[in-house]
2 protein chains.
Amino acid sequence: MKQIKLKLDKRSYPISINSDFGNLAYQLKKLNLPNKAIIVTMESLDKLYRVDLIDILDKGGFNVFIEVIPDSESSKSLSQLNISINNITRHIGSEPFFLIAFGGGVVGDLSGFIASIYKRGVRYVQIPTTLLAQVDSSIGGKVGIDLETGKNLVGAFYQPELVYSNISILKTLPDRELQSGMAEVIKYGVIKDRGLFELTESLAAREEDTLFNKIKPGIEEIVHKCSLIKSSVVSRDEKDSHGIRAILNFGHTVGHAIEAASNYSESYTHGEAISIGMLCAVEVSNKLKITKEDILTRLESLLGFYNLPVVMTGINTDRVISAFWYDKKFIKGTPRMVLPVKIGNVKIIDDISMDVVKEVIKGRTR
Amino acid sequence: MKQIKLKLDKRSYPISINSDFGNLAYQLKKLNLPNKAIIVTMESLDKLYRVDLIDILDKGGFNVFIEVIPDSESSKSLSQLNISINNITRHIGSEPFFLIAFGGGVVGDLSGFIASIYKRGVRYVQIPTTLLAQVDSSIGGKVGIDLETGKNLVGAFYQPELVYSNISILKTLPDRELQSGMAEVIKYGVIKDRGLFELTESLAAREEDTLFNKIKPGIEEIVHKCSLIKSSVVSRDEKDSHGIRAILNFGHTVGHAIEAASNYSESYTHGEAISIGMLCAVEVSNKLKITKEDILTRLESLLGFYNLPVVMTGINTDRVISAFWYDKKFIKGTPRMVLPVKIGNVKIIDDISMDVVKEVIKGRTR
């Protein structure tokens, strides 16, 4: 078990990295929460873990109700929010309770947003079950849902009181989801931690039958190191207003544009989109002579090892470029991007010529 | 023009009380807002003030878009929130903007909530157009909407950057709405300001053809004094967590129960419900020997002067009592109420016997 503290004055909270759920009830009891717990989770997870979780929480003295949402990205919606909140209220009446987000990014974002607005705020805990959620989305309090006119269009900054990661749960993840998480892990390596980047390289070289087995010897260190980086960034720039949290967007400006241009379809997972996005950022960095070493070859080969795409296919380049323009990270009409100097070190650059970006995006399209 | 400052460190803001809109553009310009303004308002207000407002803001250098919502209490809903946010996004794209809530409590609560969640928070300003909104709901950042399972079930504490009250706008209000606002004004008198209470008494005695004309000589002082009390309470207890903001709930525990028991129908406006609620609280206070003077006769006669109800009719007492139980202000199973000691001074009492409350509610039912 490893533990990190995300420091935010009175709203500081622990991130606990475990190999099972043995420590969960103890961690919850330390928080002095109401004894009624509402777990929000997805159908597939509910089937796998309902019995275990209820048993653990029951023994810890908690009274549990489970709100199950459909297994779909489209559960991050206003209509699901409405259904879930009404279900919770019908169950709980006016009793005090706390909320547990048990799932990946969709569950964490939806439940965290529910926690932030329910009676103007109830206490909540994140139990992330995907690699992406463990290393990224469960930490830092960015929660929200999608509306017809925009992804994550409404949301809040609302911190959980505990993030409890159980790494053994990752072995049940489909390979594609694990790969997607690895893209974020590699991102952390590039922006802040050369050692982490090299760890992902050495794991990639291992011969194993499954991706989980390949990364297994390093998985605890991976989740720990990424959680440390994310925590440190968030505690210095909780609301993304000081240009510090922005470095987490390495690969995301083009990545989001790819997701938008493919209508957030199954064609590209978030991790796959930022895989291409990171390579685009490195190429822009090369063109602007910001990189001080050959990152491109090394990153491209690493991403390939994890079965992540290095070019985009079947996608309209003009749509990617116009989605890039539209992105909310734009500053005064010129693109802002996070560009690597070397592995472990990035810069935020504001005045990038759109021509350079276009050229790079076109070059990564087949 | 009178100006108050609501003090909340970096989120302090002015409350400006005016007799027209002449000062609005100046006040807005001082805030260094984006130049795109989105006004959220109701149909009836849009018809009356669209031309004036656009003209004023236009001259102030603002680019205005108006989002009109239906004239109804039911506009404080998730479906209206969805419609309005999508309209705003379609209009504004990814440009920066600020929001103006131009209306009564429904507009203020909905727009403030939209401001709090749109892209995790956009800046906003309140221009309250009812007496109730000017003296109460526009100040203090409590925003939210209703869901099927509860009024104000989801919301936020999200402060505006300016509250601009134009008292001349109140002359277009229907009498019933003005009366409803007077109930809140009288509430402020009882909880904090004997002089304000006496002012409402002296205005009540005036012979005039309309309610607006009756209170006209005192209206600026009324809005000013109430805004001062609300500001002072909010700045000491923004999130209603220190038992200070709770005094604003005088008359509201029973009042909310009356509203709930009548399904928030037209039978009782908020002000009418708290009129009866205040009298119930005084009677509880009398029974517990907390009152030090005869408030009951004086308050009952004052409310009557403003055409506010002093007993409830056509309502099921048992429903009122069970709604009272359900109320979120309950502490550990016993009712918490704000009880007057004398005019201008109240106490929060936690362990009130339910029998006393029941008896009082029954005594006020015909």
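Tabulated data for the structure shown
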| quantity | calculated |
| --- | --- |
| Computed over region B:145-277: relative contact order in percent, which uses C-alpha pairs under 8 Å that are six or more apart | 23 |
| Selected from B:ILE276, B:ASN249, B:VAL320, residue furthest toward positive end of dipole (the protein assembly as shown; charges at beta carbon) | B:ASN249 |
| Region A:23-177 - percent relative contact order, Cα under 8 Å, separation 6 or more | 21 |
| Net charge dipole size for the protein assembly as shown [Lys, Arg +1 and Asp, Glu -1 on Cβ; Debye, nearest 20] | 1920 |
| Tilt relative to chain B, helix B:43-59 - C-alpha long axis, 0 to 90 degrees, to 10 | 50 |
| Net charge dipole size for chain B [Lys, Arg +1 and Asp, Glu -1 on Cβ; Debye, nearest 20] | 1180 |
| Region B:51-90: proportion of alpha-carbon pairs further apart than 10 angstrom, % | 74 |
| Coil-residue chymotrypsin sites (Phe, Trp or Tyr not before Pro) of region B:294-366, DSSP, other Cβ within 10 Å capped at 16 | B:PHE330 |
| Semi-axes of the equivalent ellipsoid for the protein assembly as shown, Cα gyration tensor, largest first, Å | 52, 31, 19 |
| Cβ-vector label at 7 Å, A:SER168, separations to other copies in nm | 7.4 |
| For A:SER232, label point 7 Å along C-beta direction: distances to other copies, nm | 4.9 |
| Sulfur and carbon atoms: percent of accessible area, the protein assembly as shown [1.4 Å] | 49 |
| Cross-link partners of A:LYS358 among aspartates and glutamates (Cα-Cα below 14 Å; sequence separation of 8 or more within a chain) | A:GLU283, A:ASP318 |
| Buried solvent-accessible surface, both chains (B, A), 1.4 Å probe, Å² to nearest 100 | 2600 |
| For the axis carrying chain B to chain A: nearest C-beta residue of B, whole Å | B:LEU78, 3 |
| Under the Debye formula (equal points on every Cα, no solvent term), log10 I(q)/I(0) of chain A at q = 0.09, 0.10, 0.15 Å⁻¹ | -0.49, -0.60, -1.35 |
| Cα gyration tensor category, rounded, prolate or oblate, for region A:39-137 with a/c compared to 1.5 | rounded |
| Antiparallel DSSP beta bridges within the protein assembly as shown, as percent of all bridges there, nearest 5 | 40 |
| Nearest 10 degrees, 0 to 90: helix B:194-204 Cα axis against chain B principal axis | 90 |
| Gain in span if fully extended, B:ASN345 to B:ASN32, counting 0.36 nm per residue against the direct Cα distance | 108.7 nm |
| Mean separation of Cα contacts under 8 Å, 6 or more apart, over the residue count of chain A: relative contact order % | 14 |
| Orientation-averaged projected area, Cα convex hull of region B:125-261 (nm²) | 8.9 |
| Low-density loop positions, GluC sites (Glu not before Pro), region A:244-299 - DSSP coil, at most 12 other Cβ in 10 Å | A:GLU266, A:GLU293 |
| Cα gyration tensor shape of region B:168-211, rounded if a/c is under 1.5, else prolate or oblate by comparing a/b with b/c | oblate |
| Rounded if a/c under 1.5, otherwise prolate or oblate - region B:20-97, Cα gyration tensor axes | oblate |
| Helix-only mean residue ellipticity at 222 nm for chain A, each DSSP H run of n ≥ 4 adding -39500 (n - 2.57), per residue, nearest 500 | -14500 deg cm²/dmol |
| Solution diffusion estimate, µm²/s, Stokes-Einstein, region A:128-183, Kirkwood Rh from C-alpha pairs, 4 °C, viscosity 1.567 mPa s | 103 |
| Positions from region B:97-128 whose accessible area shrinks by 40 Å² or more when the full protein complex is built, not the chain alone, probe 1.4 Å | B:ILE117, B:LYS119, B:ARG120 |
| Members of A:LYS289/A:LYS342; A:LYS36/A:LYS59; B:LYS192/B:LYS292; A:LYS230/B:LYS10 lying beyond 21 Å, as alpha-carbon distances in this model show | A:LYS230/B:LYS10 |
| Copies compared at A:ASP71 - label distances in nm, ascending, label defined 7 Å from Cα in the Cβ direction | 5.1 |
| Descending semi-axes in Å of region A:216-326, equivalent ellipsoid built from Cα gyration tensor | 23, 19, 17 |
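The values are calculated or read from the model by the stated rules, or taken from the named source; none is laboratory data. In this text, all values refer to a predicted model and were calculated from it rather than measured experimentally. Glycine also receives a Cβ, built like all others from the backbone with ideal geometry; neighbour counts cover every protein chain displayed. Ligands, DNA and RNA are excluded from the accessible area calculation, which covers all protein heavy atoms including side chains. Shrake-Rupley method; radii C 1.70, N 1.55, O 1.52, S 1.80 Å.
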